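S.K.: Before I ask anything, here is the structure I am working with.
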Amino acid sequence: MADQKRWKEMDILRGMAILMVLLYHSVIVFPLNLHEIQWCKTLHTFLWTVQMPLFFLVSGFCYSFHGGYWQYALRKCRRIFIPHVVFSLLDILPRLIPNPFVNERMNAKEALVDFVLYGGSDWFLWTLFVIVMVFPALERLLVGSADGVSREGAQRRQKLCILFVVLLFVLKPYVTDLLLLNMVSQYLWYFLIGYGLRRKADRLLPVFSRKQYLFPAVVVMGLCFAGMMVFGGDGRWELPYRYLEVLCVFAGFLFFYGLACMCRGKIGAFLVSCGTWSLQMYLFDAYALVATRTLLVSVLHVESPVLIIGGNFIMDTAIVLAVSRYIITKAKVFRICCGIPEKG
């Protein structure tokens, strides 16, 4: 079955996405605010626009539901919810105590409210967790046909389900941020796209891998991003902004997937490794970044934005990948806290 096939290029694409996340975080605001430099701010915004939709798209592509719902839910709690709780609490602790390593201070009540009601600082895992918990119900609407519903009825509810997800995406600015439902409404759309792509992967992915799409894709991505920069600051242009975002992400997918298909040898193996350990690299990035930015800015007094961003990115990548592959796998308690599934 196509659903059981492993697509190495998607693993590489996920590796590219986590590296973009690390680069995004390398554009620091503390102890030196690089966002005051226009090209740094633009790079930061571009990475944000492309990286997280790619992550959710790949997550939707890799989604699978088998067994009963409670068994599925337990697996997702082990994989996503436990790391979310553990690392969110670890992130809160240094913000409660005055210290020179973090920029934001919180009291215990603020931290608790933010964590319980608004996902805390780890918005990505909570958003992904909510999506994967509700998606089996959406999948039933999308593909369910053995429950006495006619073919026409199944197609009708499939269209209504897709329309509902699209409306959530378009109306995201008006959705509450309670439990990060606004973020769920934005990224559920990309998760659904990835899910749909997996069902037609044998036909579509070979087409997307063609090298002649690379240049048009990067041009479209650049033009759409430029348009987003124009419309992004004015609420009257919210709908055109959302259209441009979708086009930018789709063009970005074509471009980076095309690059993924070209990656072979050591580069391909490195990106597959990053994709395999992407969740754990994400979890440890904040801690590695504190160390590298302190070393570069506070100890070595580096002032060049290129050296700060490049140094943070290279050192962070080396640190989090090494920790993920060679340290946290040694003890079961670390594997549980970091969402590493047990073999077998």
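The values are calculated or read from the model by the stated rules, or taken from the named source; none is laboratory data. As the structure is a computational prediction, the values presented were derived from the model and not from experiment. Positions of Cβ are backbone-derived with ideal geometry, glycine not excepted, and every protein chain shown enters the neighbour counts. In case anyone asks, the SASA skips ligands and DNA or RNA and just uses the protein heavy atoms, side chains included. Shrake-Rupley method; radii C 1.70, N 1.55, O 1.52, S 1.80 Å.
S.K.: Just to check your reading of the model, which residue among Leu239, Leu214, Leu181, Leu205 is in a helix (DSSP H, G or I), over 28 Å from Leu117 (Cβ atoms) and open to solvent by 50 Å² or more (accessible area, probe 1.4 Å)?
M.R.: Details: Leu214 fails: open to solvent by 50 Å² or more (accessible area, probe 1.4 Å); Leu181 fails: over 28 Å from Leu117 (Cβ atoms); Leu205 fails: open to solvent by 50 Å² or more (accessible area, probe 1.4 Å).
The unique qualifying residue is Leu239.
S.K.: Under the condition of being of a type in the set (D, E, K, R) and closer than 22 Å to Asp202 by Cα, which residue from segment 7-40 is least open to solvent (accessible area, probe 1.4 Å)? Spell out the reasoning first.
M.R.: Quick first cut of segment 7-40, residues of a type in the set (D, E, K, R) only: 8-9, 11, 14, 36.
This time we only want the ones that are closer than 22 Å to Asp202 by Cα, so: 8-9, 11, 14.
Details: Lys8: 107, Glu9: 42, Asp11: 15, Arg14: 45 Å².
Across segment 7-40, the extreme among qualifying residues is Asp11.
S.K.: Before we move on, is Gly339 assigned to a loop (DSSP other than H, G, I, E, B), within 20 Å of the chain's Cα centre (by Cα) and crowded, with 18+ Cβ neighbours inside 10 Å?
M.R.: Values: assigned to a loop (DSSP other than H, G, I, E, B): yes; within 20 Å of the chain's Cα centre (by Cα): yes; crowded, with 18+ Cβ neighbours inside 10 Å: yes.
Criteria met by Gly339.
S.K.: For segment 182-212, which positions are closer than 14 Å to Leu163 by Cα and of a type in the set (Val, Ile, Thr)?
M.R.: Ile193
S.K.: Would a scan of segment 185-195 turn up a residue that is surrounded by fewer than 17 Cβ atoms within 10 Å (Cβ to Cβ), of a type outside the set (Lys, Arg) and either touching a Pro at 6+ places or on another chain (Cβ under 8 Å) or over 26 Å from Trp48 (Cβ atoms) (or both)?
M.R.: Initially, segment 185-195 is screened for residues surrounded by fewer than 17 Cβ atoms within 10 Å (Cβ to Cβ), giving none.
Checking segment 185-195: not a single residue is surrounded by fewer than 17 Cβ atoms within 10 Å (Cβ to Cβ), of a type outside the set (Lys, Arg) and either touching a Pro at 6+ places or on another chain (Cβ under 8 Å) or over 26 Å from Trp48 (Cβ atoms) (or both).
S.K.: Hey, can you tell me all the residues within segment 53-79 that are within 19 Å of Asp285 (Cα to Cα) and open to solvent by 10 Å² or more (accessible area, probe 1.4 Å)?
M.R.: The answer is Phe55, Arg79.
S.K.: Which residue out of Ala288, Ala251 is touching a helix residue (DSSP H, G or I) at 6+ places or on another chain (Cβ under 8 Å), modelled with pLDDT of 95 or more and more than 21 Å from Val58 (Cα to Cα)? Before the answer, list the steps.
M.R.: On the way: Ala251 fails: more than 21 Å from Val58 (Cα to Cα).
None of the others qualify; the one that does is Ala288.
S.K.: Right, here's the next one. Which ones in segment 88-137 are hydrophobic (A, V, I, L, M, F, W, C) and either more than 23 Å from Thr176 (Cβ to Cβ) or not in a helix (DSSP H, G or I) (or both)?
M.R.: Residues of segment 88-137 that are hydrophobic (A, V, I, L, M, F, W, C), as a first pass: 89-90, 92-93, 96-97, 101-102, 106, 108, 111-113, 115-117, 123-126, 128-135, 137.
Once the filter is applied, which keeps residues that are hydrophobic (A, V, I, L, M, F, W, C) and either more than 23 Å from Thr176 (Cβ to Cβ) or not in a helix (DSSP H, G or I) (or both), segment 88-137 yields Leu89, Leu90, Leu93, Leu96, Ile97, Phe101, Val102, Met106, Ala108.
S.K.: Moving on to the next point. List pairs: first residue in segment 324-344 and farther than 17 Å from Asp285 by Cβ and without any contact (Cβ under 8 Å) to a residue 60 or more places away in the chain, second residue open to solvent by 100 Å² or more (accessible area, probe 1.4 Å) and not in a loop (DSSP other than H, G, I, E, B) anywhere in the structure, Cβ distance under 9 angstrom, at least six positions apart or on different chains.
M.R.: These pairs meet every condition: Glu342/Lys332.
S.K.: Against the definition (at negative phi, touching an Asp or Glu at 6+ places or on another chain (Cβ under 6 Å) and part of a helix (DSSP H, G or I)), how does His84 come out, yes or no?
M.R.: Numbers: at negative phi: yes; touching an Asp or Glu at 6+ places or on another chain (Cβ under 6 Å): yes; part of a helix (DSSP H, G or I): yes.
The answer is yes for His84.
S.K.: Among residues belonging to segment 267-320 that are touching a Phe, Trp or Tyr at 6+ places or on another chain (Cβ under 7 Å) and of a type in the set (A, V, I, L, M), point out the one that is surrounded by the fewest Cβ atoms within 10 Å (Cβ to Cβ).
M.R.: Across segment 267-320, the extreme among qualifying residues is Val290.
S.K.: So, Val85, is that one among the β-branched types (Val, Ile, Thr), open to solvent by less than 70 Å² (accessible area, probe 1.4 Å) and more than 17 Å from the chain's Cα centre (by Cα) or not? Lay out the reasoning, then the answer.
M.R.: Working: among the β-branched types (Val, Ile, Thr): yes; open to solvent by less than 70 Å² (accessible area, probe 1.4 Å): yes; more than 17 Å from the chain's Cα centre (by Cα): yes.
When the stated conditions are applied, Val85 passes them.
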